[in-house]
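The values are calculated or read from the model by the stated rules, or taken from the named source; none is laboratory data. Bear in mind that the values here come from a model prediction, so they are computed numbers and not experimental data. FYI the Cβ positions are ideal-geometry reconstructions off the backbone, even for glycines, and counts take in every protein chain you see. Note: areas computed on protein heavy atoms with side chains; ligands, DNA, RNA excluded. Shrake-Rupley method; radii C 1.70, N 1.55, O 1.52, S 1.80 Å.
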Amino acid sequence: MLVKNARLRKQEGFWQIHIQNGMFQQIAPTVVCEDTDVLDVDGKLVLPPFVEPHIHLDCVYTAGEPRWNQSGTLFEGIALWEERKQQLTKEDVKSRAWKAIRTQITHGVQFIRSHVDVTDPSLTAMRAMLEVKEEVANLVDLQLVAFPQDGILSFPNGLSLLEEAVKMGADCVGGIPHYEFTRDYGVESLKKVFEIAQKYDKMIDVHCDEIDDGQSRFLEVLAAEAYRLGMGARTTASHAVAMHSYNNAYAHKLFRLLRLSKINIVSCPTENTHLQGRFDTFPKRRGITRVKDLMNNGVNVCIAQDSIMDPWYPIGTGNPMREIEMCIHMCHLMGYEEMLQSLDLVTENGAKALNLADRYGVEEGKPANFIVVDADNAYELIRDMAPVLYSVRQGKMLMKRPHAEPELFL
Ligand code: FE2
C-alpha cells in the first residue's frame, strides 16, 4: 500500500508512506514505488491509532438493568452491577463486548485495555473476555485486567479469585484499595497485587483512590512499592480522583514520588465528571485528577472512556475525542500548545501506559497501524472533534468511513 499526500503531526509538508508486509517500509516527502494499492488522503492528518487504556467491556450496554442509577454515585453503580452480574453468561458478555469493540474500531481505536470483574466465583466474565481477546487479535490489541470490583480482602475468596484469573491469562493484576473495608486492608491488598504480578510476570493496573476523599492516599503506597521493586513503567494507577482533593503541599510532595516511580496515571474525564462531587453541595468539586499538573511534572498521564452505557455511566460512544473534549475543559488545557499536546493523552501516552513502545507509532520499521482523520492538523482535529476516515491495521483496511458533506439550503 502507498499512502499519498499525508500530513504528519509535528512535521511540515506532505508525506508519502510505503507499506510492505504489514510494516511501514518508507516514510518520506517523495517515495518511488510501483505499488498499485494507493490511498490518496489529500492532505489529511495521519496518526497512530487511538489507545483506549481503561474500559470495562464486561459491563458495557447494561445501563438500566435491573434499574437505572438514580443517584449517579459510584456506590449505587457497584450495587446495581452486583445484581446484574448474577445474570452474566459467556454469550451475554461476549456479544456486548464485541458490540463495543466494533464501535471503538469505527472511532480509530486499535489498542484497548479492559478491566474484567473477577469478584464472581464462576469467573464468567473473565472466561468470556479471554475468548474475545483471541477472536479480535487481528483487529485490535486487547489487554485484560483481573479487576476485583468488590475488593481483594473484603470479598469472600477475593484473593484466590484474583490469582485464578491471572493464571487463566489476564495481562494485568488489578486492585481497588479505596473500596476495601479499612485502610489497612487497602495497603495489604496492594502488597498482594505486587506479589501476584511478580509471581506471574504481569503488569499492574489498579483503580486507585476513586473517591472524593482527600484522606484516600493509596496512590503513594502504589507508587512507593512500584519504585522499590522497579516496576513503575509496568504499573498504572487509574482514576486517582482523590488527588483533586489533596492539599497542594501534599500533592507537590506526591508528584516527586510519582515521577521517581515512573508509574502511569489514567484519568477518565467524562466518567469522573459524572460520578464525582455527588456528596458535595456547592461549590461542587470536579473530581478529575490533576492532569495538567501531572503533565507539567513529567508523569505519564493518559485519558480513557471507562464506561459505555453501564451502571456507572449511562451514555458514551467509545470515541476518544469526547474524552479530549471533556479533559481540556475540565483540566484547563486550552492554551494553544496544551491543546496540541492533549492529543498525546489518547495516543502516545496511552501506548506508554500499555507498554506498546516497540509496536506503536507511524515510524519506519514498525507495524503499519494508523488512522486518517478528517482534519489537516491536531488543532482542527480537536476543535472540530473530527471523525476518523480510515483505520488501517498492519497494512490492511480495518475501517473506512463514508464521507458525506452536509447539503446546505441557503
Ligand atoms: Fe474503571
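Using r as the Cβ-Cβ distance of Asp384 and Glu164, and R0 as 30 Å, what FRET efficiency do you calculate, to the nearest 0.05?
On the way: r = 47 Å, r/R0 = 1.56.
E between Asp384 and Glu164, to the nearest 0.05, is 0.05.
Compute the Kirkwood hydrodynamic radius of the chain, taking the inverse of the mean of 1/r over all pairs of distinct Cα atoms, and give it in Å to one decimal. Don't skip to the answer; put the middle values down first.
Working: mean 1/r = 0.0460 Å⁻¹.
The answer is 21.7 Å.
Ranking request for peptides 275-281, 200-206: highest mean number of other beta-carbon atoms within 10 Å first, then the rest in descending order.
200-206, 275-281
Quickly work out the Asn377-to-Arg359 label distance, labels modelled 7 Å from Cα along the C-beta direction, and quote it in nm with one decimal.
3.4 nm
With each label point set 7 Å from Cα along the Cα-Cβ vector, what nm distance links Tyr185 and Arg285?
2.2 nm
Specify which residue in the list Leu345, Asn272, Thr73 is farthest towards the positive end of the charge dipole of segment 50-359, using unit charges on the beta carbon of Lys, Arg (+1) and Asp, Glu (-1), about the Cα centre.
Farthest towards the positive pole: Leu345.
Which whole-number value in Å² is the accessible area per residue of segment 50-359, probe 1.4 Å? Kindly include the intermediate steps, with their values, before the conclusion.
Working: 11630 Å² over 310 residues.
Value for segment 50-359: 38 Å² per residue.
Roughly to the nearest percent, how much of the accessible area of the chain is carbon and sulfur, given a 1.4 Å probe? Walk me through the numbers before you get to the answer.
Working: 8740 of 17300 Å².
Ligands and nucleic acids excluded, carbon and sulfur reach 51 percent.
For the ranges 166-178, 96-108, what's the packing order if you count other beta-carbon atoms within 10 Å of each residue, average per peptide, and put the highest first?
On the way: 166-178: 23.5, 96-108: 21.1.
So the order, starting with the most tightly packed, is 166-178, 96-108.
Express in nm, to one decimal, how much length is gained between Asp35 and Ser71 on full extension, taking 0.36 nm for each residue of separation and deducting their alpha carbon distance. Let's see the in-between values first.
Details: separation 36, 0.36 × 36 = 12.96 nm, distance 5.77 nm.
Gain on stretching Asp35 to Ser71: 7.2 nm.
Just to confirm the number: angle between the C-alpha axis of helix 90-106 and the first principal axis of the chain, 0 to 90 degrees, nearest 10?
40 degrees
Could you tell me which of Ile288, Gly298, Pro314 has its Cα farthest along the dipole of segment 258-321 towards the positive end, charges placed at Cβ (Lys, Arg +1; Asp, Glu -1), taken about the Cα centre?
Gly298
What is the distance in Å between the Cα centres of segment 233-274 and segment 325-342?
Their Cα centres are 18 Å away from one another.
Can you work out the Karplus-derived ³J(HN,Hα) for every residue in segment 266-279? Use 6.51 cos²θ - 1.76 cosθ + 1.60 with θ = phi - 60°, whole Hz, and x for glycine or proline.
Running phi through 6.51 cos²θ - 1.76 cosθ + 1.60 with θ = phi - 60° gives 10, 10, 10, x, 5, 4, 7, 5, 6, 7, 8, x, 6, 9 Hz.
Nearest 10 degrees, 0 to 90: what angle lies between the long axis of helix 124-135 and the longest principal axis of the chain (Cα atoms)?
The helix 124-135 is inclined about 20 degrees to the chain.
Hey, if you put +1 on the Cβ of every Lys and Arg and -1 on every Asp and Glu Cβ in segment 50-359, which of Ile101, Gly169, Ala251 ends up farthest toward the positive end of that dipole?
Ala251
Going by accessible area, probe 1.4 Å, with all protein chains left in place, what is the ranking of Tyr179, Tyr246, largest first? Show your work: numbers first, answer last.
Details: Tyr179 70, Tyr246 10 Å².
The most accessible residue leads, giving Tyr179, Tyr246.
For the chain, give the magnitude of the charge dipole about the Cα centre (Cβ charges: +1 Lys/Arg, -1 Asp/Glu; no others), in debye to the nearest 20. Mind dumping the intermediate values first?
On the way: 44 positive and 56 negative charges, 127 e Å.
It comes to approximately 600 debye.
In square angstrom, rounded to the nearest 10, how much accessible surface does Tyr185 have for a 1.4 Å probe?
Its heavy atoms expose roughly 90 Å² to the probe.
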